[in-house]
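**Student:** Below you'll find the structure I mean.
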Amino acid sequence: MNFKTVAKACVVSLLVSGPTWALAQNQINMAKGVTEVGAQIYGLHMLIFWICAVIGVAVFAVMFYSIIYHRKSRGVTPAQFHDSTQVEIIWTIIPFLILIGMAVPATSTLLEVYNTDDAEIDILITGYQWKWKYEYLDEQGDNVVFFSNLATSQEEIYNTDAKGANYLLSVDEPMVIPVDTKVRFLVTANDVIHSWWVPELAVKRDAIPGFINEAWTKVPTEGVYRGQCTELCGAYHGFMPIEVHAVSREEYDAWLAAKRSEKVAQTAAAQQALGFEELMASGEAVYRAQCSACHGAQGEGGVGNAIAGSAIALGEVAKHLEVGIKGVAGTAMQAFGGQLSDVDMAAVITYQRNAFGNNTGDIVQPADVVNHKQG
Amino acid sequence: MGAHHGPAKGMSRWLLTTNHKDIGTMYLWFSFAMFILGGAFAMVIRAELFQPGMQLVEPGFFNQMTTLHGLVMVFGAIMPSFVGLANWMIPMMIGAPDMALPRMNNWSFWILPPSFLMLASTLFMEGGAPAFGWTFYAPLSTTYAPPSVTFFIFAIHILGVSSIMGSINIIATVMNMRAPGMSYMKMPLFVWTWLITAFLLVAVMPVLAGAVTMMLMDIHFGTSFFSAAGGGDPVLFQHVFWFFGHPEVYIIILPAFGVVSQIIPAFSRKPLFGYASMVYATASIALLSFIVWAHHMYTVGMPVAGELFFMYATMLIAVPTGVKVFNWITTMWRGALSFETPMLFCLGFLVLFTLGGFTGLMLSIAPADFQYHDTYFVVAHFHYVMVAGAVFSMTAAVYYWIPKWTGRMYSESMGRIHFWVSFIGFNIAFFPQHFVGLAGMPRRIPDYSLQFADFNMMSSIGAFIYGASQLLFLYNVIVTIVAGEKVGEDKIWDGAEGLEWTVPCPAPYHTFEVPPKIDAVSAHA
């Protein structure tokens, strides 16, 4: 057995064993999609795949026939033909006809993807570095707004804790939509370009600052559908997942009502003074969700400046609030004023001023945040 | 050949040379050095992706690696390698004594190393190297970019100037320096593909320069070309970039087509099938490349009419590309094939490039692309066409012509080992990426959810194998140069045709000082 035979055997065994091994453990094909459009796209994908496969088998069969039977070592005399206009025309026209065959279903599916008419619910999706904001638009102006952050802990990412089942794919507050309802997504971004993708809903739209793109879905079955940002948007591009819960209409209405009362409760809470321990506890939770990716789990810094011993955290409260609420222009430090409730803002500022050895003893109350915002 | 005509001694030979062979050699070595550097970046990427979780590098540095890997491979490795090949081979193939503009030739090479030195130096700057991907979409590459972006812009400008000068030189050479009797339709296909490529380069490199200049203005001079807040348009950047970027991928692949069209007939011992249709197919691909750019942007929210136009135009490219593949296979049909290393790499090219072409066709279908876009499926696709396409054919070219360049034969057994290790490593690295992409793994992420773990580990192992096989290539080339068996005859491959095989091995410092006579039979093979 010479080297060539060994090498061929390796390739063949790899090709044969590879896919079977793979099928047992891992998904190797596109998600079939739970929506009608998703199913259409999947069908289109499989159609093109099989057309390519058939052409590929035919082309490679001819090639390998030549490789096996037309080899010099068999003592063949090479033919000398080198032109045939007829053949060239045939293999120009046949692929062209196949392409037309592909273009027809592709066009109708594309028109379907673009048909955003008659949606019952509008959700404004805004990409931020590195989270999503979901705003349920309401005709009376009583919009429900919240941010959806990565729920995976830094400890899981940095391998000190075991990774959970939905590692990097779960969020603190998912998008909730009702089933059997046409939902329109209005997609934009606050800073750089992001892209909102949920494979099983077959929705992918770039979130571009200054543009509002449209997409839609109508989910027939209840369930949790997960996705990720698919446009490079900076350091933590890989850490801004999407989680959509499709629930029954009743459940959706109840959820929306609860969100509205939560908003009222938050406004009320902002009027009350809180204890130090309480602020520190919720501040720590906010810090871990919002700040730790850039500023480090121990405030040691990273993409962002260190919090431990920082001039801002140890300096004037007003300056600290200013940075937290308005961000720092031209850096990844965003304006969190619109992202966090006043209570959470007060808590996290208090936490930053008293954790990691920053023992200022300052207590920042929600009312301070409200006052600061009002100037 | 008196001493008067020989090369100068020492460093000045290389610094001041106007000889197309010396400049070709420098381009080839430079591009190989960049190939190793870009490969090292890829190894960092694959090492981090070996397992889920962050292990070796930080996410920001990971993005610097993907960015530099892409930039160095596209602009530093693949493009200069084919320019080097053009420098060496085009004059010898058309019976010219040198390139038409030899001093400019020297200049277009020598501005490249400083440009890449500048690009690589950004790694050591505050804020790190560019981390916005080789496609550098605004505003990530403008408002949100690290300060080193200015050096990146300057580097792109310089290498663009280098490419434009190199292209003008090739156009001038092919149009003016052909030996008497070498009509256009008698030129070897490699010369044809490069002539068309050079026109593409001259057309689109200024567009790239425009894009980076607008970035520079946005960053330093207060304009808002790409900033929505100032009334600009981030999508404009993508249109401008891809108006350059799509022809760019054909700039990379067309010379590769040319190489394969030289080598397959040689080892089939049969003339290339459909020479004229190959020329027309190359020209059609080049023309179509100008009207398909927005297929990279199906998800930006173009109007549906635009989306349909770009989908149909993109699908059309399958026709001339198909013609090329059919022609190569028909060339082999009823030939007398043998499988020396250059032919193996061409066959590897043929199989894997065809697979890359199929995935390209799948990607052209706009609604399906909503699911493929910016996933590992795209990464797999373009590595099948860029690596198994361009790099495999470039490797084939080195093995095919190195006896002509050095007068020494490479080790056939080592060449074959290099091929099989590359071929197997490449497929282990990139085939599973189709699966993870379809299953939903976005590209350019430093960490991934657990369902993708097995295939990523496999992919990393394949990448390490492929990477290691390139060191074997380097070793093989060095051994050939210093200790390869000397070849006696001018025509090393019995089936090879073309003027380059009528000069001695190694090719003397000056060839065709007197134009050769072209007879009708020996042309275009």
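**Student:** Quick check of the Kirkwood formula: for region A:270-374, what is the inverse mean of 1/r over all pairs of different Cα atoms, in Å?
**Tutor:** Numbers: mean 1/r = 0.0754 Å⁻¹.
Evaluated on region A:270-374, it is 13.3 Å.
**Student:** At a probe radius of 1.4 Å, what is the per-residue accessible area of residue B:478, in Å² to the nearest 10?
**Tutor:** About 80 Å², rounded to the nearest 10.
**Student:** Give me the accessible area buried between chains A and B, both sides summed, with a 1.4 Å probe, in Å² rounded to the nearest 100. The partial results should precede the final answer.
**Tutor:** Details: alone 21540 and 20110 Å², together 33070 Å².
Summing both chains' loss of accessible area gives about 8600 Å².
**Student:** Note down the relative contact order for chain A as a percent, whole number, built from C-alpha pairs under 8 angstrom at least six residues apart.
**Tutor:** Values: 577 pairs, mean separation 46.7, N = 375.
Over chain A, the number comes to 12 percent.
**Student:** For residue B:486, give me every one of the lysines with a C-alpha distance below 19 angstrom, ignoring sequence neighbours fewer than eight places off in its own chain.
**Tutor:** In chain and number order, the partners are B:404.
**Student:** Now a separate question. Please tell me the relative contact order of region A:121-267 in percent, rounded to the nearest whole number, where contacts are Cα pairs under 8 Å and at least six residues apart. Walk me through the numbers before you get to the answer.
**Tutor:** Values: 347 pairs, mean separation 37.2, N = 147.
Result for region A:121-267 is 25 percent.
**Student:** I need the Debye-formula profile for region A:121-267: one equal scatterer per C-alpha, no solvent, reported as log10 I(q)/I(0) at q = 0.13, 0.22 1/Å, two decimals.
**Tutor:** Scattering profile of region A:121-267, log10 relative to I(0): -0.58, -1.46.
**Student:** Another question, then. How crowded by other chains is A:30-36, given as the mean number of beta carbons from other chains within 10 Å of each beta carbon? Could the numbers behind the result be given before it?
**Tutor:** Working: counts 9, 4, 0, 1, 0, 0, 0.
Across A:30-36, the average partner-chain Cβ count within 10 Å equals 2.
**Student:** Tell me, how many Å apart are the Cα centres for region B:258-291 and for region B:295-312?
**Tutor:** 30
**Student:** Which parts of region B:260-274, residue by residue, lose 50 Å² or more of accessible area when the rest of the protein chains are there, as against the chain isolated (1.4 Å probe)?
**Tutor:** With the partner chains in place, region B:260-274 has these residues losing at least 50 Å²: B:269, B:271, B:273.
**Student:** Of A:258, A:178, A:237, which is farthest along the charge dipole of region A:121-267 in the positive direction, counting Lys and Arg as +1 and Asp and Glu as -1 at C-beta?
**Tutor:** Ranked along the dipole, the leading option is A:237.
**Student:** Over the whole of A:105-111, what's the average partner chain Cβ count within 10 Å per residue? Rounded to a whole number, please. If you can, show how the numbers build up before the last one.
**Tutor:** Working: counts 2, 10, 8, 1, 5, 11, 4.
Per residue, the average neighbour count from other chains is 6.
**Student:** Report the equivalent ellipsoid semi-axes for the protein assembly as shown in whole Å, largest first, defined as the square roots of five times the eigenvalues of the gyration tensor built from alpha carbon atoms. Intermediate values should be presented prior to the final figure.
**Tutor:** Numbers: eigenvalues 581, 184, 115 Å².
Rounded to whole Å, the semi-axes are 54, 30, 24.
**Student:** Over region B:91-133, with the other protein chains present, what is the accessible area per residue in square angstrom, probe 1.4 angstrom?
**Tutor:** Numbers: 1640 Å² over 43 residues.
Accessible surface, normalised per residue, equals 38 Å².
**Student:** Calculate the spin-label point distance for residue A:331 paired with residue B:483, positioning each point 7 Å from the Cα along the beta-carbon direction, and give it in nanometres.
**Tutor:** Label-label distance for residue B:483 and residue A:331, simple model: 5.8 nm.
**Student:** Sort out the exposed loop GluC sites (Glu not before Pro) in chain B (DSSP loop, at most 15 other Cβ within 10 Å) and tell me the longest stretch that has none.
**Tutor:** On the way: sites that count: B:126, B:489, B:513.
My reading of the result: B:127-488 is the longest stretch.
**Student:** Next question. Measure of size requested: the Rg and Dmax of region A:36-113, with Cα atoms as the atom set and Å as the unit; please supply both.
**Tutor:** Rg and Dmax of region A:36-113, Cα atoms, are 18.8, 59 Å.
**Student:** Return the aspartates and glutamates within reach of residue B:324: Cα separation strictly under 18 angstrom, same-chain partners fewer than 8 residues apart disregarded; answer none if there are no such residues.
**Tutor:** A:83, A:88
**Student:** Quick check on chain B: helices-only [θ] at 222 nm, where DSSP H runs of length 4 and up contribute -39,500 (n - 2.57) each and the sum goes over total residues. Nearest 500, please. Intermediate results must be reported in sequence, preceding the final value.
**Tutor:** On the way: 18 runs with 335 residues, N = 525.
About -21500 deg cm²/dmol.
**Student:** Each residue of region B:467-480 in turn: what ³J(HN,Hα) in whole Hz from Karplus with 6.51, -1.76, 1.60 and θ = phi - 60°, glycine and Pro shown as x?
**Tutor:** x, 5, 5, 6, 5, 4, 4, 4, 4, 4, 5, 5, 4, 4
**Student:** How high is the FRET efficiency from residue B:461 to residue B:134, r the C-beta distance, R0 25 Å, rounded to 0.05? Don't jump to the answer; show the numbers that get you there.
**Tutor:** Details: r = 25 Å, r/R0 = 0.98.
The formula returns an efficiency of 0.55 here.
**Student:** How many Å³ per residue does the convex hull of the Cα positions in chain B occupy? If you can, show how the numbers build up before the last one.
**Tutor:** Details: hull volume 75.7 nm³, N = 525.
Cα-based convex hull of chain B, divided per residue, equals 144 Å³.
**Student:** Right, another one. With θ set to phi - 60° and the Karplus curve 6.51 cos²θ - 1.76 cosθ + 1.60, what are the ³J(HN,Hα) couplings of region A:302-308 in order, to the nearest whole Hz, using x for Gly and Pro?
**Tutor:** For region A:302-308, the Karplus-derived couplings read x, 4, x, 5, 5, 8, 4 Hz, x marking Gly and Pro.
**Student:** Sticking with this one: Would you please put A:252-258, B:41-47, A:310-316 in order of how densely packed they are, using the mean number of other Cβ atoms within 10 angstrom per residue and starting with the highest? Walk me through the numbers on the way to the answer.
**Tutor:** Numbers: A:252-258: 13.7, B:41-47: 19.7, A:310-316: 16.0.
Peptide ranking by packing, descending: B:41-47, A:310-316, A:252-258.
**Student:** Report the FRET efficiency, 1/(1 + (r/R0)^6), for residue A:57 and residue A:85, where r is their Cβ-Cβ distance and R0 is 35 Å, rounded to 0.05. Kindly include the intermediate steps, with their values, before the conclusion.
**Tutor:** Values: r = 27 Å, r/R0 = 0.77.
Once rounded, the FRET efficiency stands at 0.85.
**Student:** Say R0 is 41 Å: what FRET efficiency, to the nearest 0.05, do residue B:124 and residue A:249 get from their beta-carbon distance?
**Tutor:** Values: r = 58 Å, r/R0 = 1.41.
Efficiency, rounded to the nearest 0.05: 0.10.
**Student:** If the only charges are +1 at each Lys and Arg Cβ and -1 at each Asp and Glu Cβ, what is the size of the charge dipole of the protein assembly as shown around the Cα centre, to the nearest 20 debye? List each step's numbers first, then the result.
**Tutor:** Details: 43 positive and 62 negative charges, 849 e Å.
About 4080 debye.
**Student:** Related question: From Cα pairs below 8 angstrom and at least 6 apart in sequence, can you work out the relative contact order of chain B, rounded to a whole percent?
**Tutor:** Details: 857 pairs, mean separation 94.6, N = 525.
Contact order relative to length: 18 percent.
The values are calculated or read from the model by the stated rules, or taken from the named source; none is laboratory data. Since this is a predicted model, take the numbers as computed values, not measurements. Don't worry about glycine lacking a Cβ; one is built from the backbone with ideal geometry, like all the others, and counts go over all protein chains shown. Areas reflect the complete protein model, heavy atoms only, side chains present, ligands, DNA and RNA absent. Shrake-Rupley method; radii C 1.70, N 1.55, O 1.52, S 1.80 Å.
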